[in-house]
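Read the figures in this text as sums done on the coordinates, not as results from a lab. Bear in mind that the values here come from a model prediction, so they are computed numbers and not experimental data. All Cβ positions, glycine included, derive from the backbone under ideal geometry; neighbour counts span all protein chains shown.
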Amino acid sequence: MNPELLAQLQAAQTVLEPQFKALRGATSALAQAARLAGGDTLDALAMQKALVKLQQAGAGVEEPALHDAVAAFAAATQQALDDLAFDFARELKAAFERRGQTVEGRPPTLVVDALVLNIDMGARKAQWLYGKEPLTRPLPLSIDALLKAYDTQRKIIVERQLDTPSFVGELLQAWQQLLDERTERSGRRPAGGRINIVETYSKLVLNRQSARFWNAPSRSTFRDYERPLFVRDLVLAQAAPTATVNGQRHRLRLGGATKSQADSAMRSIWLPNGPLDGDYYADITFEVEG
């Protein structure tokens, strides 16, 4: 027995074995991708699954030809998914048009009135949003299911009626309470009277709870006020963002968000001024007029 020779051979085997496994995995993934690419039609969903395996296998192999092949297959997969999305979008658009409604945008984002539909062909799901607020869970790509969900959310969001003075008055009350709490806690008034908009929303929700909830807090006694409704109410209130209290007229002001604030749903809210246009806001203040 030659211990030194054995150790050298085993060391080489240890080095080569991971490379062999990586090459075997890459070869298998390439063969699967090649079978799909050679079909009469491109199966976008099967290609997407194969692409994930190919990318994972290719990550462990330093071979330019393999990386080029992965990039080419990824591009073909994306094109196949886009084609599938366009086919589905065309069918959905036709269904809305038969009802006299117009669909705008292009996959994966479609717009109907003030609502936005994001299509994820890879997951075979689509989701309705108002601005950046999800209105539904991701739904199966069923024309009937998406039409039904749209009709429900249109009644809730688009057709929502708002008593603007009452809403702005509630917002003023929540803002003033937080302002007082912050001043009492720190000994000084927040700069410019600015209070975080999400914190104000949370305070407004608590203010809306009934005595029944405070006596026995539970899901059954909690009065929900979902965030998309708050966003919609803020948008509607912009037409007349004032409230009169004790003879004084107060005007709501919204403060824009910084990039770091906009990156957090807990620090900012995106208000749409169109289906796909809008701005992030981080704080609110009230100014006394007159």
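Within the chain, what's the longest run with no GluC sites (Glu not before Pro) in a DSSP loop and at most 16 other beta-carbon atoms within 10 Å? Give the range, please.
So the longest stretch without any such site is 63-158.
Stretch L42-S142 to full length: gain in nm at 0.36 nm per residue minus the Cα-Cα span?
33.8 nm
For the chain, modelled as a Gaussian network with Cα springs under 10 Å, which listed residue fluctuates most, P138, P272, P217?
P217
Among (1) 6, 29, 38, 22, 4, 0; (2) 6, 27, 31, 21, 12, 3, 0, 0; (3) 5, 19, 20, 18, 14, 11, 7, 3, 1, 0, 0, which is the computed P(r) over Cα pairs in 10 Å bins from 0, in percent?
Label (3) holds the value from this structure.
Taking 0.36 nm per intervening residue step and subtracting the Cα-Cα distance, what contour gain separates A31 from R106 on full extension?
23.6 nm is the gain from fully extending A31 to R106.
With the crude spin-label approximation of a point 7 Å out along Cα→Cβ, what separation in nm comes out for A94 versus V52?
Taking the two extended label points, one gets 3.1 nm.
Can you grab the distance from the C-alpha centre of segment 133-149 to the C-alpha centre of segment 44-62, Å, no decimals?
30 Å
Exposure proxy check: V168, V235 ranked by fewest other beta carbons within 10 Å? Could you put the intermediate results ahead of the total?
Details: V168 23, V235 19.
In increasing order of surrounding Cβ atoms, one gets V235, V168.
Reachable lysines from K21, Cα under 21 Å, same-chain residues fewer than 8 places away excluded?
Qualifying lysines at Cα under 21 Å: K49, K53.
If Lys and Arg each add +1 and Asp and Glu each add -1, what is the summed charge of the other residues whose beta carbon sits under 13 Å from the beta carbon of L162?
Net charge in that neighbourhood comes out at -2.
Lys and Arg at +1, Asp and Glu at -1: add these up for the other residues within a Cβ distance under 15 Å of Q261 and post the number.
Details: positive: K132, R194, K259, R267; negative: E199, D263, D279, D283.
My count for the surroundings of Q261 gives 0.
Provide the gained length on full extension for the span L276 to E159, in nm with one decimal, where the gain is 0.36 nm per separating residue minus the Cα-Cα distance. Provide the component values of the computation, followed by the final result.
On the way: separation 117, 0.36 × 117 = 42.12 nm, distance 1.86 nm.
Full extension of this stretch gives 40.3 nm more.
Given contacts defined as C-alpha pairs under 8 Å and at least six residues apart, what's the relative contact order of the chain, whole-number percent?
About 13 percent, as a whole number.
With an 8 Å cut-off on Cα pairs and a minimum separation of 6 or more residues, tell me the relative contact order of segment 101-158 in percent.
Numbers: 80 pairs, mean separation 12.1, N = 58.
Relative contact order of segment 101-158: 21 percent.
Can you give me the distance in nm between label points at V61 and K132, each placed 7 Å from the Cα along the Cα-to-Cβ direction?
4.0 nm
Find the centroid of the Cα atoms in segment 157-180 and in segment 188-202, then give the distance between the two in whole Å.
Computed from Cα coordinates, the inter-centre distance equals 14 Å.
Please go through segment 73-171 and write out the trypsin sites (Lys or Arg not before Pro) that DSSP classes as loop and that have at most 10 other C-beta atoms within 10 Å.
For trypsin sites (Lys or Arg not before Pro) across segment 73-171 that sit outside H, G, I, E and B with at most 10 neighbouring Cβ atoms in 10 Å, the list reads R98, R99.
Within the set of other residues whose C-beta is less than 12 Å from the C-beta of L172, count the net charge using Lys and Arg as +1 and Asp and Glu as -1.
Neighbourhood net charge equals +2.
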